[in-house]
Amino acid sequence: MNWYALYTKPRNEDSVASRLQDIGVQVLNPKLKSKRYKSNRVTEVIEPLFPCYIFAHFEREKYSHLITYTRGVRYILGRSNPIVVQEEIINTIREPMEEGDIIVVKPQRFEKGDRVLIKDGPFKDFYGIFERVTKGTERVMILLDALNYRLELESWMLKKIYNG
């Protein structure tokens, strides 16, 4: 038995994974859990790590035909000669998983003086300098370059800019 990558129809990763598990095929359907700024509020989003792709562990001769014709599957990567996904790659994907098949995106650690880019929210694409962590687990204070203004926001909204 080997791991193979399956290409699915858009937004069919979950249903294909469920169908394959129902017939006894082991599936890895990695997802990413992150925070986003939408409609003037912060929401938690869970989305596929690899949109339109899942991984399945099966005997090629026994299951290829059945999997190819499973509703929601477009094809097994490699089609007539499926490409084996190495166990090390599967283990690397699984390593940061915390909640089943979900990888939780954690905020970066910043140090005083780090140059940062605001990657989400009303100040998106503004640059600043990290000053300090404030009260609350994920709140930080930055000095906004463009306005010479101190701004407190969620640390997940920032991206560290590396000079070099």
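For Met1, Met157, Met97, the sequence from fewest to most other C-beta atoms within 10 Å is Met1, Met97, Met157. Considering only Lys33, Lys62, Lys119, the mean-square fluctuation computed in a Gaussian network model of the chain, springs between alpha carbons under 10 angstrom, is largest for Lys62. All other residues with a Cβ under 15 Å from the Cβ of Val25 taken together, and with Lys, Arg as +1 and Asp, Glu as -1, what is their net charge? Here the charged neighbours net out to -2.
The residues packed around Asn40, meaning those with a beta-carbon under 15 Å from its beta-carbon, carry a net charge of +3 if Lys and Arg are +1 and Asp and Glu are -1. Neighbours of Tyr4, meaning other residues whose beta-carbon lies under 14 angstrom from its beta-carbon, give a summed charge of +1 when Lys and Arg score +1 and Asp and Glu score -1. The structure shown yields Rg/Rh (Cα atoms, Kirkwood Rh), and of the options (1) 0.98; (2) 1.14; (3) 0.94 that calculated value carries the label (2). Starting from the Cα of Lys135, draw a straight line to each of the lysines and keep only those under 27 Å, dropping any in the same chain fewer than 8 residues away. Result set, ordered by chain and number: Lys33, Lys35, Lys38, Lys106, Lys112, Lys119, Lys124, Lys159, Lys160.
The numbers here are math on the coordinates, done by the rules we state, and not lab data. Values in this document were obtained by computation on a predicted structure and should not be read as measured data. With ideal geometry, Cβ positions are generated from the backbone for all residues, glycine too; neighbour counts draw on all protein chains shown.
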